[in-house]
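Q: I am attaching a structure below and will ask some questions about it afterwards.
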Amino acid sequence: MRWTIRLVFAALLALASSAGAIPPPWVPLGPFGGSIRSLTTGADPATLYAVTFDGVFRTADRGLSWTAINLRGDVTSLAADPVHAGVLYLSVQGEGVIKSTDGGAHWAPANGGLAVQSVAPRAVAVDPARPERLYLLTASAGLWRSGDGGASWRSGGPAGPRSIAVSPAAGTAFLSANGGVYRTLDAGATWKPAGRGLPAGPADALAVAASDPRTVYAYYNGAGLFRSQDGGASWHRQRAAFDAGALVAFAVSPHTPRLLYVSLSNGGFYRSLDGGVLWTGLAGISGVKVIAGAEPRTSGTVYAGLGTGRAGVDLGGVWRSADAGTTWTPRTQGMFAIPVATVAADPNDARKLWTSVDATPYRSLDHGAQWKPRRSIPTADDAGHDGVYVNFIRKLAVGAESLLGPQSLSWLYALDDRALAATGAFDSSLLFRSYDDAVFWQLLASPVPSTPPSAEMLAIAPSRLSQLYVVAVDRTGLTSQRIYRSTDSGNTWQQEGDPGLVCGLGDLVVAPASPEVLYAGGSGKSPAPYLCHPPFSPGVVRSDDGGASWTDISAGLPGEFVAALAVDPRDARIVYAGIGAGVAFPAGDGVWKSTDGGQTWSRAGAELAGHTVSALLASTLPGRLYAVVDGNRVFRSDDGGASWQGWTRGLRAQGITALTADPGDPRRIYAATTNGVWALTEAD
């Protein structure tokens with residue numbers, strides 16, 4: 001028996017070895033949040049579903065933690081079966097309706113009879129009295145209804161449906177459409193105008209009290225709030241329209257039919273305890289997009305879904321109140337619906353991480369466990385007029401002041417893309433610096449005289465943190481591309497040579513072993529007589545003198561565009577090139593390697609051939625490399641690129657923009673993604 005167990009165990013070990021090591025899981029670090037499109041309570045009072053522009057998230061503990069159940073940005077709404085836990089419906093652009101019966105673990109089409117490519121679904125709703133009965137509002141194909149949980153659909157109803165409120169009373173629902181407010185008493189078979197007392201035209205919001213289906217509300221931006229206490233037969237105005245802004249969200253407590261909440265377009269948030277006659281302003285949150293009354297046994301519990309508000313500062317997410325909106329606490333842990341473009345680790349303090357949301361840098365002092373916003377990049381022009389520009393931080397990097405020694409105070413650099421606020425037209429990419437952890441930002445002196453430069457690339461020498469390189473273009477033409485070098489943390493600049501990648505820049509790296517050795521990648525010139533016309537030629541150039549002169553080392557590389565470069569930390573002659581997507585070759589072509597400074601190239605691993613590589617990271621651990629493949633997958637190599645294994649376990653992101661290693665522990669890797677910052681802790 002022992003021998004049998006040993007043989008089985010040995011066979012399992014051999015199988016695991018042949019299939020490669022099991023990757024450790026990636027863990028989301030945040031910043032957490034997201035712009036909430038819809039918020040829905042489930043059959044379990046502790047369960048809540050939030051639809052964001054980056055996917056659908058679920059909490060089973062009243063918002064203390066969130067889990068992604070569907071990461072796609074084309075979901076418009078979610079409806080949950082109030083009786084059968086785990087039964088969910090999503091309205092999805094291009095698919096109509098999809099359904100899950102296991103809380104979002106698996107999804108299947110529920111669109112029988114729907115012209116899914118043309119219906120443009122806006123919202124799906126469940127009848128609480130008969131949960132297999134569904135309603136679907138579409139932008140282009142009117143109202144649809146299903147009586148069998150989405151297996152089949154049929155259309156019919158008032159034209160131009162805008163919103164629907166389904167009553168707990170059997171077969172009853174209210175619809176706001178182009179012609180006004182309508183009511184059905186036979187599950188949508190027929191619709192008639194709602195009762196007396198309503199203004200003409202569509203209502204901006206409808207709601208039925210779950211605890212008393214006789215109580216129905218309709219709000220009109222121009223006329224105010226109307227209430228019916230006889231199931232919609234007659235209506236009476238409760239108050240005039242709010243003057244402060246248009247209605248954004250309206251909700252009725254599921255426990256108390258007279259407890260109401262209203263959010264307005266100017267950020268105002270109000271509560272009424274008497275069915276809408278008197279209103280009290282609620283403080284503590286603003287920018288509420290959706291409201292969900294929850295837990296029918298607890299009248300004071302309410303959830304608010306926020307938009308992302310000021311660019312990069314208000315991160316949205318879900319907030320919870322247990323006292324009917326008097327006080328609020330954020331409940332966003334694990335909701336990774338905030339895109340970040342960059343992640344940087346401080347070489348002087350491995351605990352300190354940086355990322356950015358729009359124009360706002362975020363700092364963590366505990367390896368990413370918590371993030372705090374810092375001061376945004378200024379939007380003023382040269383004359384000090386604020387709000388002239390809209391900024392977006394493309395890259396953050398950390399260097400050090402040369403006069404203070406290798407363990408000196410860190411400097412934070414931000415490569416900022418700037419557009420005119422009035423038109424959105426691109427203006428320039430500028431380099432900012434901060435010596436005090438982004439409390440004060442300094443625009444570094446322009447390396448290019450007169451016309452402000454476009455600082456396309458930034459690289460800091462890992463072995464000399466006060467030495468910076470910038471690829472700048474003075475916007476007079478593609479051939480004006482130049483390298484500028486600073487040896488004093490950006491105080492002064494020296495113009496160096498032209499790398500010659502006139503048809504596109506992909507990456508700029510400094511060899512970790514030598515601050516004077518640089519590699520730049522992108523696209524070179526097109527075949528004559530064109531300057532930049534597909535098919536482009538792949539371009540990699542090398543400088544051994546700090547950018548003063550450059551050697552073209554592109555011969556032997558495939559494709560059109562070198563998107564990523566990495567240099568071995570111990571040997572500046574060993575360089576890796578990731579072939580990105582081009583025009584004539586949109587798929588890219590994996591990773592290529594040179595061991596002689598680019599004189600010759602060979603393919604690094606057949607597994608990535610034909611795939612787009614957009615980022616590379618060469619670890620200080622001998623032979624270890626990481627590559628971002630096809631935009632959202634990570635691969636690892638432990639033999640200098642000879643072979644690769646998928647290394648994306650647990651990483652749920654639509655796109656990966658950058659990789660970096662913890663300067664204190666090369667086994668800890670960070671990824672900047674369209675779904676926040678993620679961390680990988682290697683076991684070996």
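The values are calculated or read from the model by the stated rules, or taken from the named source; none is laboratory data. Keep in mind that what you see is a predicted model, and the values were worked out from it rather than measured. Note that each Cβ is placed from the backbone with ideal geometry, even for glycine, and that neighbours are counted across all protein chains shown. Heads up: the accessible areas ignore ligands, DNA and RNA and are worked out on the full protein's heavy atoms, side chains in. Shrake-Rupley method; radii C 1.70, N 1.55, O 1.52, S 1.80 Å.
Here's the yes/no breakdown for (1) free of Cβ contacts under 8 Å to residues at least 60 places away in the same chain; (2) among the charged types (D, E, K, R); (3) closer than 22 Å to LYS525 by Cα:
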position: GLY580; (1), (2), (3): no, no, yes
position: ALA587; (1), (2), (3): yes, no, yes
position: THR595; (1), (2), (3): yes, no, no
position: LEU608; (1), (2), (3): yes, no, no
position: HIS611; (1), (2), (3): yes, no, no
position: ASP630; (1), (2), (3): yes, yes, no
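Q: Could you pull out the residue among ALA209, ALA205 that is of a type outside the set (Ser, Thr, Tyr) and open to solvent by less than 10 Å² (accessible area, probe 1.4 Å)?
A: Working: ALA205 fails: open to solvent by less than 10 Å² (accessible area, probe 1.4 Å).
Of the residues listed, the single one that is of a type outside the set (Ser, Thr, Tyr) and open to solvent by less than 10 Å² (accessible area, probe 1.4 Å) is ALA209.
This table checks each residue for (1) modelled with pLDDT of 85 or more; (2) open to solvent by 10 Å² or more (accessible area, probe 1.4 Å); (3) not in a strand (DSSP E or B).
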residue: PRO378; (1), (2), (3): yes, yes, yes
residue: GLY384; (1), (2), (3): no, yes, yes
residue: LEU403; (1), (2), (3): no, yes, yes
residue: ALA419; (1), (2), (3): yes, yes, no
residue: LEU431; (1), (2), (3): yes, yes, no
residue: SER446; (1), (2), (3): no, yes, yes
residue: SER450; (1), (2), (3): no, yes, yes
residue: MET457; (1), (2), (3): yes, yes, no
residue: SER463; (1), (2), (3): yes, yes, yes
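Q: Now a separate question. Are any of the residues in the range 645-660 more than 15 Å from TRP26 (Cβ to Cβ) and within 31 Å of the chain's Cα centre (by Cα)?
A: no
Q: Which of the residues belonging to the range 82-104 are of a type in the set (Gly, Ala, Ser) and either part of a strand (DSSP E or B) or open to solvent by less than 60 Å² (accessible area, probe 1.4 Å) (or both)?
A: Within the range 82-104, GLY86, SER91, GLY94, GLY96, SER100, GLY103, GLY104 qualify.
Q: Taking the residues in the range 46-71 that are open to solvent by 40 Å² or more (accessible area, probe 1.4 Å) and touching a residue at least 24 places away in the same chain (Cβ under 8 Å) as candidates, determine which candidate is nearest to the chain's Cα centre (by Cα).
A: By that ranking, first place goes to PHE53.
Q: If the Cβ limit is 8 Å and pairs must be 6+ apart or interchain, which residue in the range 531-547 that is of a type in the set (D, E, K, R) pairs with which residue that is part of a loop (DSSP other than H, G, I, E, B)?
A: Pairs found: ARG542/VAL517; ARG542/TRP550; ARG542/ILE553; ARG542/GLY597; ARG542/GLY598; ASP544/GLU516; ASP544/VAL517; ASP545/GLU516.
Q: How about the range 572-597: which of its residues are at pLDDT 95 or above and surrounded by fewer than 22 Cβ atoms within 10 Å (Cβ to Cβ)?
A: ALA572, ARG573, ILE574, LYS593, THR595, ASP596, GLY597
Q: Kindly evaluate LEU396 against the criterion of being touching a Lys or Arg at 6+ places or on another chain (Cβ under 7 Å) and in a strand (DSSP E or B).
A: No; evaluated as a whole, the condition is false for this residue.
Q: In addition: Does SER65 satisfy the criteria of being modelled with pLDDT under 95 and touching a strand residue (DSSP E or B) at 6+ places or on another chain (Cβ under 8 Å)?
A: Against the criterion (modelled with pLDDT under 95 and touching a strand residue (DSSP E or B) at 6+ places or on another chain (Cβ under 8 Å)), SER65 does not qualify.
Q: Please specify each residue of the range 632-644 satisfying the condition of being at negative phi, more than 13 Å from the chain's Cα centre (by Cα) and assigned to a loop (DSSP other than H, G, I, E, B).
A: Residues of the range 632-644 at negative phi: 632-639, 642-644.
With more than 13 Å from the chain's Cα centre (by Cα) added as a condition, the list becomes 633-639, 642-644.
Scanning the range 632-644 gives ASP638, ASP639, ALA642, SER643, TRP644.
Q: Going residue by residue through the range 267-288, is there one that turns out to be within 29 Å of TYR182 (Cβ to Cβ), of a type in the set (A, V, I, L, M), touching a strand residue (DSSP E or B) at 6+ places or on another chain (Cβ under 9 Å) and in a loop (DSSP other than H, G, I, E, B)?
A: Looking through the range 267-288, at least one residue is within 29 Å of TYR182 (Cβ to Cβ), of a type in the set (A, V, I, L, M), touching a strand residue (DSSP E or B) at 6+ places or on another chain (Cβ under 9 Å) and in a loop (DSSP other than H, G, I, E, B).
Q: Another one. Return the pairs, sorted by first residue and then second, in which the second residue is open to solvent by 60 Å² or more (accessible area, probe 1.4 Å), the first residue lies in the range 184-211 and is of a type in the set (Asp, Glu), the beta carbons are less than 9 Å apart, and the residues are 6+ apart or on different chains.
A: From residues that are of a type in the set (Asp, Glu), the pairs are ASP204/ARG162; ASP204/GLY222.
Q: Can you tell which of SER152, SER118, SER140 is open to solvent by 40 Å² or more (accessible area, probe 1.4 Å), in contact (Cβ under 8 Å) with a residue 24 or more places away in the chain, among the polar types (S, T, N, Q) and in a loop (DSSP other than H, G, I, E, B)?
A: Being open to solvent by 40 Å² or more (accessible area, probe 1.4 Å), in contact (Cβ under 8 Å) with a residue 24 or more places away in the chain, among the polar types (S, T, N, Q) and in a loop (DSSP other than H, G, I, E, B) holds for just one of SER152, SER118, SER140, which is SER152.
Q: Report, by residue number, each residue of the range 105-115 that is assigned to a loop (DSSP other than H, G, I, E, B) and surrounded by fewer than 21 Cβ atoms within 10 Å (Cβ to Cβ).
A: ALA105, HIS106, TRP107, GLY112, GLY113, ALA115
Q: Among the candidates SER537, SER602, which residue alone is of a type in the set (Ser, Thr, Tyr) and modelled with pLDDT of 95 or more? Talk me through it step by step, then tell me what you get.
A: Numbers: SER537 fails: modelled with pLDDT of 95 or more.
None of the other options fit; the residue is SER602.
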